[in-house]
Amino acid sequence: MQDADKSSSQSGGQQARIDGRDLRLGIVQARFNAALTDKLAASCLAELHTLGVEAKHIKHVTVPGALEVALALSALAESEDFDALIALGCIIRGETYHFELVANESGAAVTRISLDREVPIANAILTVENETQAWARAEEKGRDAARVAVEMANLMEDLS
């Protein structure tokens, strides 16, 4: 996600359409590091509300961890009931190679689903060195994910 608060595009300075009215969104939240992912989810949901997305048009599901996010995203995308999806999770570096494996595979899977299913997915699976970094980013990245999802849903509608 590139800075979702920027309101002009690189080509021509057009205003991004950040209007969530009438959009249907799906959120998949990893429960691993739950306090952090709950913060991501709370700020994401609050921003979606601010952008006009109705609560009844949001499906929010949880999965055990970041590696499981992709499967749930795929199922939601396959249903074709959603204008955009949001991936929420938090991967904190440990002492083993497992961090790289989970970070790389979860990120690649989210991208692959978005491209294969042609549905925008805002990827807010944090990959950080430590818990302090995660807490410093959780609220902002949750909001960013909401804005990216709404903007990309509108863009895809405009392009179709």
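Using only alpha carbon pairs under 8 Å that are at least six residues apart, calculate the relative contact order of the chain and give it in whole percent.
Relative contact order of the chain: 33 percent.
If we count every other residue with Cβ under 15 angstrom of ASP83's Cβ, Lys/Arg +1 and Asp/Glu -1, where does the sum land?
That sum, taken over residues with Cβ under 15 Å, equals -3.
With a/c under 1.5 counting as rounded, go ahead and sort the stretch 73-160 into rounded, prolate or oblate using the C-alpha gyration tensor (a ≥ b ≥ c being the square roots of the eigenvalues; past the cut-off, prolate if a/b is larger than b/c, else oblate).
In terms of gyration-tensor shape, oblate.
Nearest 10 degrees, 0 to 90: what angle lies between the long axis of helix 131-159 and the longest principal axis of the chain (Cα atoms)?
Tilt of helix 131-159: around 30 degrees.
So what's the angle, to the nearest 10 degrees on a 0 to 90 scale, between helix 66-79 and the longest Cα principal axis of the chain?
For helix 66-79, the angle is close to 30 degrees.
Give me the one-decimal Kirkwood hydrodynamic radius in Å for the chain, with the sum taken over alpha-carbon pairs.
One over the average 1/r among Cα pairs gives 15.6 Å for the chain.
Any idea what angle helix 34-50 forms with the longest principal axis of the chain, computed on alpha-carbon atoms, 0 to 90 degrees, nearest 10?
The answer is roughly 10 degrees.
How large is ³J(HN,Hα), in whole Hz, for each residue of the stretch 111-123 in order, when computed from phi with the Karplus curve 6.51 cos²θ - 1.76 cosθ + 1.60 and θ = phi - 60°, using x for Gly and Pro?
My calculation for the stretch 111-123 gives 4, 4, 5, 4, 6, 5, 9, 6, 10, x, 10, 7, 8 Hz in order.
For the chain, please report how many Lys pairs fall under 22 Å Cα to Cα, leaving out neighbours fewer than 8 apart on the same chain.
Within the chain, the lysine pair count is 5.
Find how many whole Å separate the alpha carbon centroid of the stretch 78-106 from the alpha carbon centroid of the stretch 123-160.
Going from one Cα centre to the other spans 12 Å.
None of the figures in this text is laboratory data; all of them are computed from the coordinates on show. Quick caveat, the model's predicted, so the values are computed rather than measured. FYI the Cβ positions are ideal-geometry reconstructions off the backbone, even for glycines, and counts take in every protein chain you see.
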